[in-house]
1. List every residue pair whose Cβ atoms sit under 9 Å apart, with the two residues 6 or more apart in sequence or on different chains, where the first one lies in the range 26-43 and is free of Cβ contacts under 8 Å to residues at least 24 places away in the same chain and the second, anywhere, is open to solvent by 70 Å² or more (accessible area, probe 1.4 Å).
2. In the range 36-46, which residues are assigned to a helix (DSSP H, G or I) and either among the acidic types (Asp, Glu) or open to solvent by 30 Å² or more (accessible area, probe 1.4 Å) (or both)?
3. Mind listing just one residue for me: the one in the range 64-109 that is open to solvent by 60 Å² or more (accessible area, probe 1.4 Å) and within 17 Å of residue 143 (Cβ to Cβ) and, of those, modelled with the lowest pLDDT?
4. Here is a list: 144, 210. Which entry is touching a residue at least 40 places away in the same chain (Cβ under 8 Å), touching a helix residue (DSSP H, G or I) at 6+ places or on another chain (Cβ under 6 Å) and among the aliphatic types (A, V, I, L, M)?
5. Please pick out the residue among 234, 260, 228 that is among the small types (Gly, Ala, Ser), touching a residue at least 24 places away in the same chain (Cβ under 8 Å) and touching a Phe, Trp or Tyr at 6+ places or on another chain (Cβ under 7 Å).
6. Tell me, yes or no, whether the range 182-198 has at least one residue that is modelled with pLDDT of 95 or more, crowded, with 16+ Cβ neighbours inside 10 Å and among the charged types (D, E, K, R).
7. In the range 1-35, what count of residues is obtained for those that are open to solvent by less than 30 Å² (accessible area, probe 1.4 Å), part of a helix (DSSP H, G or I) and in contact with a Pro (Cβ under 8 Å, 6 or more places away or on another chain)?
8. What pairs come out if I take residues in the range 170-190 that are of a type in the set (D, E, K, R) and pair them with residues that are part of a helix (DSSP H, G or I) whose C-beta lies under 8 Å away, six or more apart or interchain?
Amino acid sequence: MSEFEPDYRNVEAAARNQRPRRLPIYEHLINVESIEKLLDRRFGDLLAGDAADVQEYFDIFCGFWREMTYDTVSFEVHTLEVLPGGGALLGEQDGPIQNHSDFERYPWDDLPRRFMEIAVPRFEALRRSLPPGMKIVGGVGNGLFEVSEDLVGFEKLCYMLADDPKLFAALYKQIGDLLAMLWKGVLERFADLFAICRIGDDMGFKTATLMAPPTLIEHVVPQYARLAEQIHEAGRPFLLHSCGRIFDLMEPLIAAGIDAKHSNEDAI
């Protein structure tokens, strides 16, 4: 059997609704713990080490994806990593934004700097580790709805929508501004690394969207249109990952510019 030769163009073609040379396999992510088990090697802690450790991490990480016959490496830097007081997405606590005062004093302007301090060394190391023929699917992790859940909490978001719709609207506009800044920084320096730019944002569950479709169409979808325009201007297709039954959002999302859709949930 000949040695596998990755070709990111297979995945990119699929995202553009074109027939690839061969049917590519794709994973939204493979957690490091699973990779360690398959390789029988611990390496996840290297990502928190010095520059040499980080480089070794990505050498192992990218080598795994090639060995498993993927054409692309799935990787993103999560926005949630740089949100002070975050954690409400996992239900650990109320988020740091519960009212107008919280919203106004939140350090929005400092978040792009915090993000790029983490992202730049990782993407630079990944660039050096990518095997020939491979590119990345990923980019800036966590979408509009997930960020809002982490900053407020899902239950409190529902109350905010009913009790303070102006703050609810301002929150999504501000998150849209933030993600646009983060994507700008990543695309200016690393657009050539991407086969597909991807955003993950779980907006549904087994039987419906997590909020009423008109609410998401009014407040979330327009921000995705902004991000899709940025990504397309960089010459890359835009993939949206969202688990859950979001059929009621699909036509507006397609109109907003998504090129491809992915979900981990078979039940829908």
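The values are calculated or read from the model by the stated rules, or taken from the named source; none is laboratory data. These figures come from a predicted structure and were not determined experimentally. For neighbour counting, all protein chains shown are included, and Cβ atoms are generated from backbone atoms with ideal geometry for every residue, glycine included. The area values use the complete protein model at the heavy-atom level, side chains included, leaving out ligands, DNA and RNA. Shrake-Rupley method; radii C 1.70, N 1.55, O 1.52, S 1.80 Å.
1. Qualifying pairs under 9 Å: 36/42; 43/56.
2. 36, 37, 38, 39, 45, 46
3. Among them, the one singled out is 90.
4. 144
5. Checking each option against the conditions leaves just 228.
6. Within the range 182-198 (the criterion being modelled with pLDDT of 95 or more, crowded, with 16+ Cβ neighbours inside 10 Å and among the charged types (D, E, K, R)), the answer is yes, since at least one residue qualifies.
7. Selection size over the range 1-35: 4.
8. 173/223; 177/108; 184/230; 189/120; 189/123
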